[in-house]
Every structure is written in C-alpha cells, then in structure tokens.
Amino acid sequence: MKPFKTYRGVVAPLDRANVDTDQIIAKQFLKSIARTGFGPQLFYDWRYKADGKPNPEFSLNAPRYKNASILVTRNNFGCGSSREHAVWAIDQYGFRAIVAPWKESQGARIPAFADIFRNNSFKNALLTIELSEAEVDKIFEMVGRFEGVEATVDVEKQKFILHLPEEISFHFELDSAIKERLIHGLDDIGISLKNVSLIDAYEAKNHAQMKW
C-alpha cells in the first residue's frame, strides 16, 4: 500500500448526501475479477447520459474540476452494500481523499461515512476526512467561488488546508492505528509482517515439537 503523509490536489464538489455504493459503482460493473479498470465507471449514471456522452450538468465533468483529486461531499457517503469496488473506483479515478460532514438529525448523529466504506477506504490508502457541517459548508463555498482551488491534506498534523488568498485550515480526527497505517503504507499483510520475527519463532518452535 502506498504511504500517505501529505498530499496536495484540486478539490471537486459533489453536493449530495446519502451517496450509496451502487451510485459510486453500479452493479453491472462488478463482474470483473480484476481489481483494476474501475475509474471510468465511477458515478457512471451521473457522469454520462443515456447515449454514453458526458453529462455537462454533473459537477465532475466541469472543466474547472478536471484532474481533481480531493472530493468534498455530504454526509453518509458510501452507504449501502459493502462492495470494495466502490473504493477501488474512487481511487482509480484519481481521488486520494474525501471530505464529508457529520450531521445532527432529531437527536441522532449521522456520520460522514458509512462504517464499511470508511474501513475499506483506509485499507486502500484512500483518506476519509470527517468535519463539521459548518466546516464542509465553508469548503463548498470556497470551491464554488474560486476556480481551481487546491487543498493540502497533512496526515501527520491531521490538518486539511484550503489554499486561498488567505489560507483556511481545518483539524480532523484520525485514529492512531489508522494514522500509522497510512503514514507507513501498511495494509493488513504489512501489519502482520511487522511481527515476522515472532511469527518465525513461533513456527520454528512448533515445527520442532511436531511429531512425525
């Protein structure tokens, strides 16, 4: 897994809440057994018209957001089925980080991201950043006002910085174990290999005790 310490890129808006995994990558594209090639199919029903031509009304098709690699969206992103293809499609399109808000509704806390989607993201070095609704509103406002707005994500300092004539910085929370995963580029296998000496010692001990 590629390490994620700091990253700077253009921010693109997707002003929709409750974006589920079928909207991220539709079921007809899940037939492939490969883990590559899903980028062109991201948000397929929104990005393209029935004739296959790009939909000019969809935000990511706007020229100003060409080559964007940071997505700002609304709460409960990635809800629905647990398909890991959704994360693969976002990553292979070119996004490195997604920003979304948590929200209070009738005394309940609606998260920025669905749990399974969030966990799948971290395992694929896709950073999900949860901010308050007011902070995300501010990001949407600035991205809409200034063309080509870039932001820096600093995992070590846990900061999201909008590069404007006057920079704006937002702090985000990040679990320490996930932070270590990202900074050092450790997937599940990589974490296991950190203990390879203990694993080897255990196997050698049990091999010696094994009766043939």
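Throughout, read-outs are computed from the coordinates displayed, never taken from laboratory work. Fair warning: this is a prediction, and the values are worked out from it, not measured in the lab. So basically every Cβ, Gly included, is an ideal-geometry build from the backbone, and we count neighbours across all protein chains shown.
Things worth noting here:
- Among Ile116, Ile33, Ile70: highest mean-square fluctuation, GNM of the chain, C-alpha pairs under 10 Å: Ile33
- Note on the chain: helix-only mean residue ellipticity at 222 nm, from DSSP H runs of 4+ residues weighted -39500 (n - 2.57) and normalised by residue number, equals -9000 deg cm²/dmol.
- Candidates Glu180, Glu84, Glu167: whichever shows maximal mean-square fluctuation once the chain is modelled as a Gaussian network with Cα springs under 10 Å: Glu167
- Other residues within the sphere of radius under 13 Å centred on the Cβ of Ala100, judged by their own Cβ, net out at -1 (K and R +1, D and E -1).
- In this structure, Glu156 and Asn124 have a Cβ-Cβ separation that, at R0 = 22 Å, corresponds to a calculated FRET efficiency of about 0.65.
- With a cut-off of 12 Å between beta carbons, the residues surrounding Glu141 carry a summed charge of -1, where Lys and Arg count +1 and Asp and Glu -1.
- The relative contact order of the chain, computed from alpha carbon pairs under 8 Å that lie at least 6 residues apart in sequence, is 25 percent.
- With the simple spin-label model, which puts each label point 7 Å out from Cα in the Cβ direction, the His171 to Asp22 separation comes to 4.1 nm.
- The chain: angle of helix 133-145 to the longest principal axis, Cα-based, in degrees nearest 10: 60 degrees
- Cβ-defined net charge surrounding Asn61, 11 Å radius [Lys, Arg +1; Asp, Glu -1]: +4
- Computing Cα Rg over 2.2 N^0.38 Å for the structure here picks out one of [x] 1.24; [y] 1.17; [z] 1.00, namely [y].
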